[in-house]
Amino acid sequence: MLRWIFGGLLALIGLAALVAVGGYFVLKRPDIPYETLAARYESAASRYVDLPGGVRVHYRDEGPSNGPAFLLIHGFSASLHTWEPWVQRLGDEYRVISLDLPGHGLTRAPAGYQASIEAFRDVVRDFARTQQLERFTIVGSSMGGNVAWEYALAYPEQVEALVLVDAAGWRETSAAADQGPVIFKLLRNPVLGPLLRDLDTTRLIRQGLQASFADASLVDDAMVERYALLSRAPGHRDILLQMTLNFAERAPATPERLAALSMPTLVMTGDTDRLIPPEHAQRFKDAIPNAELIVFENTGHLPQEERPDQSATALREFTYRIHEGSALAPLPEVDCTADARC
């Protein structure tokens, strides 16, 4: 009897393993060639430049070439498409340059590329040199905000102003990690992350994007599909996995480090950001000398998409005061939960 029971258990385990393996291959998704993705996601403004080390950056340089320059850095798993609402609102007056980081969008990286915040910072440096950008406002969203403030620390002579949009960088508390999207928790798991690398994660991507907006109805099928398909460019999933598994190894923001930033700084955040707590924006404001803070009401992690008019206007007003020479005497802190101008 025991032998039959034991044999039955082994058979059930074997069947479960077979189903699991079969399910894995059903959900497995191949890479998508860059040419296929480019045909779908390039725009008339798309350009490419080859950098040292084998990185080929996809970027857009829009607006008047002699206007004040913004260099826009997107967040984790996103692409330069996140900035399209700002380009539409600022491109009449400003030179607006957006790029895809390695492992994102249509930017290619060589096999074995070692991704990190510092590596991304150096890509931005090399890109700025190819475009002969000597002074510009660097703007970063989420992980791109981390890249932006690290860039400002390393190359302050190039940075006319710093803009942090729901920026990453402070050490994450366990409570904040527990509130984040499921997909980030799974990818950061050293066992589950590699298993998920090649699978169809469209449903998890949708959940993560919905958590990024206060109004989840802004997440449509086209947005989800763009994130999912661009993540399948050759080598992208390896880089995205590197960034999640090595998350804890990043050099965090500290008041001592950020105190060295002397350029005009604008910090933006949504009051319902579920990815990076709004109090992190307050910490940036407190740590960076003379930084200004704007909090947008009923807004999540991506105010450039969820509140494009208000956030673009805030950036325009901030930039105007810099060029008028009044940025060293910033406006009082603005809370868009109470300020009608927002």
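What shape does segment 239-312 have by the C-alpha gyration tensor, where a ≥ b ≥ c are the square roots of the eigenvalues, rounded means a/c under 1.5, and otherwise prolate means a/b greater than b/c and oblate the rest? Don't skip to the end; give the middle numbers.
Working: a/c = 2.07, a/b = 1.09, b/c = 1.90.
Cα axes put segment 239-312 in the oblate bin.
Here's the picture: a label point sits 7 Å out from the Cα of Asp286 along the beta-carbon direction, and within segment 227-258 the residues with their amide nitrogen under 15 Å of it are 253-258.
Once the C-beta distance of Arg40 and Asn66 is scaled by a Förster radius of 30 Å, the resulting FRET efficiency is 0.40 to the nearest 0.05.
Of the residues Ser43, Tyr113, Gly140, the one whose Cα sits farthest toward the positive end of the charge dipole of segment 42-144, with +1 on the Cβ of Lys and Arg and -1 on the Cβ of Asp and Glu, is Tyr113.
Quote the charge dipole size of segment 30-123 about the Cα centre in Debye, to the nearest 20; the model charges only the Cβ of Lys and Arg (+1) and of Asp and Glu (-1).
Details: 8 positive and 12 negative charges, 5 e Å.
Here the size comes out at about 20 debye.
Across segment 19-111, the mean sequence separation of Cα contacts (distance under 8 Å, 6 or more residues apart), normalised by length, yields a relative contact order of 30 percent.
Using the beta-carbon distance between Ser116 and Asp215 and R0 = 51 Å, what value does 1/(1 + (r/R0)^6) give for FRET efficiency, to the nearest 0.05? Kindly include the intermediate steps, with their values, before the conclusion.
On the way: r = 33 Å, r/R0 = 0.65.
In this case the efficiency is close to 0.95.
With both labels modelled 7 Å from their Cα along Cα-to-Cβ, the Leu153 to Glu297 distance reads 3.6 nm.
Throughout, read-outs are computed from the coordinates displayed, never taken from laboratory work. Predicted model only: the values in this text are computed from it and were never measured. Don't worry about glycine lacking a Cβ; one is built from the backbone with ideal geometry, like all the others, and counts go over all protein chains shown.
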